[in-house]
Amino acid sequence: MNRSVSAGWYYGYVIVAVCFSLQAVGWGIFNSLGVFFNPLMTEFGWPRALVASTMSIGMLVYGITAILLGRLSDTYGPRLTMTICGLFLGSGFMLMSRVTTIWHMYFALSLLAGIGVGGTDVVLLSTTTRWFVRARGLMIGIVKVGTGIGMLIMPLLINYLVSNYGWRKAFFCLGVLSLVGFVIGSQFLVRDPEKKGVAVDGIAGEISLNGQAVEQGMKLNRAMRTWPFWTICGSYFIIIFCLSTILMHVIPHAIDLGISSASAANILATVGAMSIAGRFIMGGAGDRIGNRMALIICFGCVTLGMAWLQFADNLWMLYFFASVHGFAHGGFFALIAPILADYFGTRDHGVILGIVIFFSTLGGAIGPILAGYMFDVTGSYGLIFLILNALSVVGLFAAYSLRPAKIESVE
């Protein structure tokens, strides 16, 4: 049995604000770990491939746990799920302050922090998706602006902490920030509007009296038998392969070119700053021109940026690269949840998003360690940058091959 309701002040905006904040803390820190790259190599004498492997494994753990956390959020809600994530993320960063061997780093950063960051996209984006329809892309874009804000602030904060207090104290401070921020913020999360007794978008609509969400879309097993599902998985594999490699290696690459560590951190901060524009603009664009077309535009930008990177050998050229790349970076993450809702609905949105994230993080796991290995062998990032450029072209054609979105089944 259903009833029609309308809402006054809409709690969905609280959801957006909380998800924005948790994105800023979680991804802001995790995407800025490249600042620790050189201090760790200096102290322990580890090769680049070995240090990069900890991030690669962490991305793989993130992808695997995203599937489980997506299902957990679908079933038990985001409050419990994100509280658990906060405990893992905070403890992982705090334990990083005590590492003495590479195995400690694998446990603290790759495993614990990898699990903790696992829900930061799948849970928060899926939750926001359920609260909005008419401005879904814009709201997801605003949430993902939180990541951009974090990437703008955190490299500078981390560089300050490392420079003045050492990398160990810096990790401990980040652990406390993550733990407190996630545990407190999670208490404000609610799975869907019906839990608050309102309809989606806060307007008149149908909700059930038994507390079960009225959701349409494919179940997971049906979605996995469609071409768009695997095309999106492949596209985001390429996206995260490219983006994770740049996030991990752009700072040491800039330093190799003779750029100071502070300026190199500013390059990473520029990626974050421009990703803010990409998240906001492309999230809203997806509502107007369609998420498929917005995805094609983002692939065009990242292809242009990767081509430019082949010749960038000074600071201003790297800033230009960071601007174009960062814009595309932000757009990709603003589009992932809405485009899945376009094709598959919201019935099993959390676990579907989790599986796409898993495939994307396979790329995130391979890219940074492959780049580190290639540098150790060749003494240059030239070959890996060519590979990134080629992959971005493949991704552009994959996005173009998607048919216009249409939910074909509600079984």
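Just to be sure, is residue 320 surrounded by fewer than 20 Cβ atoms within 10 Å (Cβ to Cβ) and modelled with pLDDT of 90 or more? So residue 320 passes the test.
Filtering 384, 366, 355 for residues that are surrounded by fewer than 21 Cβ atoms within 10 Å (Cβ to Cβ) and under 23 Å from residue 58 (Cβ atoms) leaves a single hit, 366.
Being among the hydroxyl-bearing types (Ser, Thr, Tyr), within 30 Å of residue 192 (Cβ to Cβ), touching a helix residue (DSSP H, G or I) at 6+ places or on another chain (Cβ under 6 Å) and assigned to a helix (DSSP H, G or I) holds for only one residue in 323, 275, and it is 275. Condition test on residue 112, is it modelled with pLDDT of 90 or more, of a type in the set (A, V, I, L, M, F, W, C), more than 24 Å from residue 67 (Cβ to Cβ) and surrounded by 18 or more Cβ atoms within 10 Å (Cβ to Cβ)? No.
Looking at 240, 297, 276, which one is farther than 21 Å from residue 229 by Cα and not basic (Lys, Arg)? So that I can check it myself, show each step before the final result.
On the way: 240 fails: farther than 21 Å from residue 229 by Cα; 297 fails: farther than 21 Å from residue 229 by Cα.
That would be 276, the only listed residue that is farther than 21 Å from residue 229 by Cα and not basic (Lys, Arg).
If the requirement is being crowded, with 23+ Cβ neighbours inside 10 Å, under 26 Å from residue 291 (Cβ atoms) and of a type in the set (Gly, Ala, Ser), which of these qualifies: 118, 92? The match here is 118.
Scan the stretch 86-104 and give yes if some residue there is of a type in the set (Phe, Trp, Tyr), out of contact with any strand residue (DSSP E or B) (no Cβ under 7 Å at 6 or more places or on another chain), within 21 Å of residue 158 (Cα to Cα) and at pLDDT 90 or above, otherwise no. Write out each step before concluding.
Step one: filter the stretch 86-104 for residues of a type in the set (Phe, Trp, Tyr), giving 88, 93, 103.
Those still in the list that are out of contact with any strand residue (DSSP E or B) (no Cβ under 7 Å at 6 or more places or on another chain) too: 88, 93, 103.
When the remaining residues are screened for being within 21 Å of residue 158 (Cα to Cα), the result is 88, 93.
This time we only want the ones that are at pLDDT 90 or above, so: 88, 93.
The answer is yes; a qualifying residue exists.
Filtering the stretch 85-112 to residues that are touching a residue at least 12 places away in the same chain (Cβ under 8 Å), assigned to a helix (DSSP H, G or I) and not aliphatic (A, V, I, L, M) leaves 85, 86, 88, 90, 91, 92, 93, 106, 107, 110.
The residues of the stretch 342-368 that are within 19 Å of the chain's Cα centre (by Cα), modelled with pLDDT of 85 or more and not β-branched (Val, Ile, Thr), listed by number, are 353, 354, 358, 359, 360, 362, 363, 367. Scan the stretch 235-272 for residues that are outside any helix (DSSP H, G or I) and either crowded, with 24+ Cβ neighbours inside 10 Å or touching a Pro at 6+ places or on another chain (Cβ under 8 Å) (or both) and the total you get is 0. Residue check: residue 46 meets all listed conditions (1) over 17 Å from the mean Cα position of the chain (by Cα); (2) more than 18 Å from residue 175 (Cα to Cα); (3) at pLDDT below 85; (4) assigned to a helix (DSSP H, G or I) but one, namely (4).
Can you pull out the residues in the stretch 38-63 that are in contact (Cβ under 8 Å) with a residue 40 or more places away in the chain and among the hydroxyl-bearing types (Ser, Thr, Tyr)?
Step one: filter the stretch 38-63 for residues in contact (Cβ under 8 Å) with a residue 40 or more places away in the chain, giving 38-40, 43-44, 46-63.
53, 54, 56, 62, listed by residue number.
For residue 300, the conditions (1) within 18 Å of residue 395 (Cα to Cα); (2) under 18 Å from the mean Cα position of the chain (by Cα); (3) surrounded by fewer than 23 Cβ atoms within 10 Å (Cβ to Cβ) all hold with the exception of (2).
Kindly indicate whether any position in the stretch 304-319 is within 15 Å of the chain's Cα centre (by Cα) and either within 25 Å of residue 249 (Cβ to Cβ) or part of a helix (DSSP H, G or I) (or both). No.
If the condition is being more than 22 Å from residue 354 (Cβ to Cβ) and among the hydrophobic types (A, V, I, L, M, F, W, C), then the stretch 23-65 contributes 33, 35, 36, 37, 40, 41, 44, 46, 49, 50, 51, 52. Looking across the stretch 157-182, just one residue is under 18 Å from residue 27 (Cα atoms), among the aromatic types (Phe, Trp, Tyr) and either outside any helix (DSSP H, G or I) or over 21 Å from the mean Cα position of the chain (by Cα) (or both), and that is 172. Could you list, in sequence order, all residues of the stretch 50-87 that are within 13 Å of residue 106 (Cα to Cα) and of a type in the set (A, V, I, L, M, F, W, C)? Selection gives 50, 51, 52, 55, 57, 59, 60, 61.
Confirm whether residue 82 is in a helix (DSSP H, G or I) and under 28 Å from residue 255 (Cβ atoms). Criteria not met by residue 82. So in the stretch 369-391, with the set limited to residues that are of a type in the set (Ser, Thr, Tyr) and assigned to a helix (DSSP H, G or I), which one is nearest to the chain's Cα centre (by Cα)? Here the residue is 373.
The values are calculated or read from the model by the stated rules, or taken from the named source; none is laboratory data. What you see is a predicted model; the values in this text were computed from it and never measured. Every residue, glycine among them, receives a Cβ derived from its backbone with ideal geometry; neighbour counts consider all protein chains shown.
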